[in-house]
Amino acid sequence: MLLMVVFLMFKNFLVQSFKGEYTVEFTEHLDALKSNLLEGDVVILDSNIQKLYPNICDLLDEHYIEVVEANENAKTYEKIGELINRVIGFGFSKNNRLVGIGGGVVQDITAFSASIMFRGVDWVFFPTNLLTQCDSCIGSKTSVNIGDYKNQLGGFHPPRQIFIDFSFIETLSNLEICSGLGEMMHYFLLQKDTNLEDLGSEIVAAQSDKIVLAKLIERSLGIKKSMIEIDEFDTGPRNIFNYGHSFGHAIEACTNFEVPHGVAVAYGIDLANSISVQLGLVDKEFRNKVRTILACIWKSKALPAVDISDYFTALSKDKKNVGKQIKVILTEGIGNMYKTTLPVNDDIEALISSFFNNRTYERDL
Ligand SMILES: NC(=O)c1ccc[n+]([C@@H]2O[C@H](COP(=O)([O-])OP(=O)(O)OC[C@H]3O[C@@H](n4cnc5c(N)ncnc54)[C@H](O)[C@@H]3O)[C@@H](O)[C@H]2O)c1
Ligand SMILES: [Zn+2]
């Protein structure tokens with residue numbers, strides 16, 4: 001009920017994209033679902049949302065629904081082909097819309113399908129978890145899997161409308177909340193005006209206070225919006241959004257995705273910061289202050305053992321590159337991140353090995 005008041009404080013906003021502007025609206029109690037679906041809309045619904053919010057299906061009863069299990073197999077090109085076949089068989093036409101209700105898997109399935117059906121149809125999104133609400137719902141990217149290759153197919157196909165419904169936060173686990181906070185941390189650290197003391201308090205408070213969390217979601221989207229409007233196709237300035245990500249993706253890969261994305265990014269930020277200290281780009285006080293905040297996020301998920309040689313392989317994505325160079329985002333301090341090519345010499349290799357083997361993320365420099 002308290003959230004009800006807060007969401008009214010939030011301002012809906014527009015995102016400019018190459019296909020025109022689209023709206024992001026803040027809502028609650030599935031109100032937008034009741035009032036914004038059109039005749040002929042086809043819904044792609046996360047099976048967990050169907051179970052956790054049984055009343056959703058009553059609201060959708062006039063619509064054809066595809067229920068999908070949120071896993072990587074569901075977002076393969078092959079499975080999506082089957083889904084599209086059923087949707088067209090049902091009578092979906094160019095003027096109809098796809099409506100996704102779920103997390104990142106549902107987003108990618110819906111956006112990708114919409115991008116290729118009838119040379120592009122409209123789609124609408126109800127992101128239901130923190131990662132999609134604070135980040136991926138805007139930005140236009142679509143990525144799906146083909147065979148064993150993850151996220152290798154896709155393009156840019158912005159939605160028409162996004163509804164951020166804070167009610168969905170209620171059923172997220174603490175680990176999912178922390179994962180979303182890790183993702184948001186990397187946005188906040190890119191902002192020059194972020195105050196680390198305030199940020200630390202907010203990250204702690206957001207784990208139990210949904211109002212603080214909702215405010216962070218809004219702030220995170222604001223930062224992303226300002227960047228994607230400059231560089232929607234990720235050809236230049238948007239690159240800095242990879243802060244913590246190269247190191248984080250390699251952690252996800254080496255732990256068989258046991259460490260959720262945003263938590264892996266939190267570990268990755270510390271690695272980027274520690275390397276930046278070693279290279280004399282930033283003082284250790286910055287790294288230590290940020291580390292204390294990140295520790296509130298990664299306490300939700302201890303880092304499993306990581307095989308160092310697997311890690312370097314994942315980091316460079318190519319065994320031949322081990323010992324050579326990797327493209328990463330490093331930092332000269334808050335709001336001062338930049339893309340660079342890092343030679344992986346003995347010192348850097350030792351630092352990264354020590355991060356995992358001696359758990360250097362557990363202590364100050
Ligand atoms: N296109 C993009 O811009 C983009 C960006 C980031 C990630 N992705 C993709 O998104 C996927 C990862 O996203 P994700 O972590 O959201 O995965 P996901 O969709 O699998 O969701 C994670 C889990 O949360 C559950 N869930 C969703 N909402 C919930 C709620 N309200 N309460 C309880 N459980 C809920 C889901 O059922 C699932 O089990 C990956 O495939 C990744 O490649 C895409
Ligand atoms: Zn991310």
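The values are calculated or read from the model by the stated rules, or taken from the named source; none is laboratory data. Everything quoted here is computed from the prediction, not taken from an experiment. Glycine also receives a Cβ, built like all others from the backbone with ideal geometry; neighbour counts cover every protein chain displayed. These accessible areas exclude ligands, DNA and RNA; they are computed on the full protein's heavy atoms, side chains included. Shrake-Rupley method; radii C 1.70, N 1.55, O 1.52, S 1.80 Å.
When Ser246 is tested against the conditions (1) away from ligand 1 (no atom under 12 Å from the Cβ); (2) assigned to a helix (DSSP H, G or I); (3) farther than 22 Å from Lys327 by Cβ, the lone failure is (3). The residue pairs whose first member lies in the stretch 266-287 and is under 13 Å from Gly182 (Cβ atoms), whose second member is open to solvent by 60 Å² or more (accessible area, probe 1.4 Å) and assigned to a helix (DSSP H, G or I), and whose beta carbons are closer than 9 Å, counting only pairs six or more residues apart or on different chains, are Gly268/His249. Answer with yes or no whether Thr142 is away from ligand 2 (no atom under 16 Å from the Cβ) and either crowded, with 20+ Cβ neighbours inside 10 Å or closer than 16 Å to Ile65 by Cα (or both). No; evaluated as a whole, the condition is false for this residue.
Go through the stretch 207-231 residue by residue and tally those that are within 16 Å of ligand 1 (Cβ to nearest atom) and open to solvent by less than 20 Å² (accessible area, probe 1.4 Å).
Residues of the stretch 207-231 within 16 Å of ligand 1 (Cβ to nearest atom): 207, 210, 213-214, 217, 220-221, 223-225, 227-229, 231.
Those still in the list that are open to solvent by less than 20 Å² (accessible area, probe 1.4 Å) too: 213-214, 217, 220-221, 223-224, 228, 231.
Matching residues across the stretch 207-231 total 9.
Just to be sure I understand, how many residues within the stretch 244-273 are of a type in the set (Gly, Ala, Ser), more than 15 Å from the chain's Cα centre (by Cα) and surrounded by 22 or more Cβ atoms within 10 Å (Cβ to Cβ)? Steps first, answer last, please.
From the stretch 244-273, those of a type in the set (Gly, Ala, Ser) are 244, 246, 248, 250, 253, 262, 264, 266, 268, 272; that's our starting set.
Right, trim to more than 15 Å from the chain's Cα centre (by Cα) and you get 250, 253, 272.
Now restrict to residues that are surrounded by 22 or more Cβ atoms within 10 Å (Cβ to Cβ): 250, 272.
Total meeting the criteria: 2.
When we screen Ile203, Ile240 for residues that are of a type in the set (Val, Ile, Thr), touching a helix residue (DSSP H, G or I) at 6+ places or on another chain (Cβ under 7 Å) and not assigned by TED's automatic domain parsing to the domain that holds Phe26, the only hit is Ile203. In the condition set (1) within 16 Å of ligand 2 (Cβ to nearest atom); (2) modelled with pLDDT of 95 or more, Arg238 is compliant with all but (2). A single entry from Asn151, Asn129 fulfils the requirement of being over 19 Å from Gly40 (Cα atoms), within 11 Å of the chain's Cα centre (by Cα), open to solvent by 30 Å² or more (accessible area, probe 1.4 Å) and within 16 Å of ligand 2 (Cβ to nearest atom): Asn129. What's the total number of residues in the stretch 323-364 that are aliphatic (A, V, I, L, M), part of a helix (DSSP H, G or I) and within 17 Å of His249 (Cβ to Cβ)? Residues in the stretch 323-364 being aliphatic (A, V, I, L, M), part of a helix (DSSP H, G or I) and within 17 Å of His249 (Cβ to Cβ): 1 in total. Suppose the filter is more than 9 Å from ligand 1 (Cβ to nearest atom), over 23 Å from Ser173 (Cβ atoms) and within 24 Å of the chain's Cα centre (by Cα); does Ser93 pass it? No, not satisfied. Reported count of residues in the stretch 232-243, each being in a helix (DSSP H, G or I), within 14 Å of ligand 1 (Cβ to nearest atom) and not aromatic (Phe, Trp, Tyr), is 2. Just wondering, is there one or more residues in the stretch 297-314 that are assigned to a helix (DSSP H, G or I), in contact with an Asp or Glu (Cβ under 9 Å, 6 or more places away or on another chain) and open to solvent by less than 10 Å² (accessible area, probe 1.4 Å)? No, the stretch 297-314 has no match at all.
Name the single residue, out of those in the stretch 96-122 being over 17 Å from Val67 (Cβ atoms) and crowded, with 23+ Cβ neighbours inside 10 Å, that is nearest to ligand 1 (Cβ to nearest atom). So that I can check it myself, show each step before the final result.
Applying the first criterion (over 17 Å from Val67 (Cβ atoms)) to the stretch 96-122 yields 96-97, 111-112, 114-122.
With crowded, with 23+ Cβ neighbours inside 10 Å added as a condition, the list becomes 111-112, 114.
Working: Ala111: 7, Phe112: 9, Ala114: 12 Å.
Per the stated criteria, the residue is Ala111.
Taking every residue in the stretch 245-265 that is more than 9 Å from ligand 2 (Cβ to nearest atom) and pairing it with any residue that is of a type in the set (Phe, Trp, Tyr), at least 6 positions away or on another chain, the pairs with Cβ-Cβ distances below 8 Å are Phe247/Tyr267; Ala250/Tyr311; Ile251/Tyr267; Ile251/Tyr311; Cys254/Tyr311; Val259/Tyr267; Val263/Trp298.
Within the stretch 168-186, the set of residues being over 13 Å from Gln133 (Cα atoms) and more than 10 Å from ligand 2 (Cβ to nearest atom) comprises Glu170, Thr171, Ser173, Asn174, Leu175, Cys178, Met185.
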